[in-house]
Amino acid sequence: MSEARSVLVCRRLLPSGLDLLEAAGCEVREAGLEADAGTLRKLAPGSAALVADPTVPVDSDLLDAAGPALRVVANFAVGYDNVDVEACRSREVAVTNTPDVLTNATAELALGLTFAAARHTSGAEATLRAGQWTGWDPGAMLGLELSGATFGIVGLGRIGRRYAQLVEPLAGEILYVARKPKPDAEAELTARRVGLDELLRSSDVVSLHAPGGAETRHLVGSPELAAMQGHAVLVNTSRGTLVDSGALARALEAREIGAAGLDVYESEPDVPAELLDAPNCVLLPHVGSATRTARDEMARLAARNVLASLEGREPPNRVA
């Protein structure tokens, strides 16, 4: 096998990306969805490229196993907190991601979770399917009306901004938290930049669109949940580590907040039992980018990042 064109897909890559790699003469090995760290270390030697995803820790052990031929770690995601960026830099290995192409899909899912959580749809459906619905009751299953609501958006990057555009026709006000002001977004959306404390206190809906990592771990924990309004909805389609799962489950059980809609979890694929049992909690299995359009484009972009790196060109989406 030619090391210069050897690509290890650490789990799975869709045909839209595989076809590009194979057409360019790459020798591709797919480890499969069940591959663990030990399997990847055995398969890695001689790889010029690793195609990873958020479930694959790309650490020093895996990089060392790949060896000196390694040129690029192409992450099949926008986020790359699963990759030890400094370890890659020290080995002169590029790190790339797949931005933009999943923006619409993820923002649309965040919107769907917002509606579902606000109107308690999963609990209502469970009641119906269990045969427990006894007929129309004017005081039952009361949710939050979103028209005129204040939407708080934590992180106004590509996905956060698209979410803001989607909710703007409904919103009475849009608040946002970001490291830097976003004057163009403020002008487009009449959005107002505030601190996290004010956003939590004032928002009817809080949607998280911040990156993962040590700086944002448990960005929303017990104090933050206590600061939210009793009817407020929390939505997370970004990274599971942003939310303290135990604190959220307790806040839902105590009715400190109204509802939550989650697509991501701290220790995926494990979902804490307390969240599974929590009231008014809509749970999805990390499907934010799961549209045919988004996933096919992500696979193509990952492949293009690999090919550019192997051919000595600057990859289109280099992050390190």
Low-density loop positions, trypsin sites (Lys or Arg not before Pro), the stretch 171-247 - DSSP coil, at most 14 other Cβ in 10 Å: R179
Once fully extended, how much extra length lies between E314 and T55, figured as 0.36 nm per residue of separation less the alpha-carbon to alpha-carbon distance? 90.7 nm
Contact order normalised by length for the chain, with contacts defined as Cα pairs under 8 Å and 6 or more residues apart; what percent is it? 19
Multiply the residue gap between L283 and A24 by 0.36 nm, knock off their C-alpha separation, and tell me the result in nm, one decimal place. 89.2 nm
Which value, in debye to the nearest 20, describes the size of the charge dipole of the chain about its Cα centre when Lys and Arg Cβ atoms bear +1, Asp and Glu Cβ atoms bear -1, and nothing else is charged? 600
Check: C-alpha center the stretch 295-320 vs C-alpha center the stretch 78-152, spacing in Å is 28
Averaging over all projection directions, find the projected area of the Cα convex hull of the stretch 162-210 and quote it in nm² with one decimal place. 3.3
Percentage of interatomic Cα-Cα distances in the stretch 103-283 larger than 27 Å: 22
Over the stretch 175-281, what is the mean sequence separation of C-alpha contacts under 8 Å (at least six apart), divided by residue count, expressed as relative contact order in percent? 23
For the chain, the convex hull over Cα atoms projects on average to an area in nm² of 17.6
Let me check against my output: what whole-number percent is the relative contact order of the stretch 103-283, with C-alpha pairs under 8 Å and at least 6 apart? 22
Shape category assigned to the stretch 18-164 from the gyration tensor of Cα positions, a/c cut at 1.5: prolate
Counting only GluC sites (Glu not before Pro) that are in a DSSP loop and have at most 16 other C-beta atoms within 10 Å, tell me the longest site-free stretch of the chain. 146-310
Share antiparallel - DSSP beta bridges, the chain, percent rounded to 5: 5
Within the stretch 103-283, percent of DSSP bridges classed antiparallel, to nearest 5: 5
What's the extension gain from D184 to A69 if we count 0.36 nm per residue and subtract their Cα-Cα distance? 37.1 nm
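Only the coordinates and a few stated rules stand behind these numbers; no lab work does. Predicted, not measured: the structure shown is a model, and the values here were computed from it. Cβ atoms come from the backbone with ideal geometry, glycine included; neighbour counts cover every protein chain shown.
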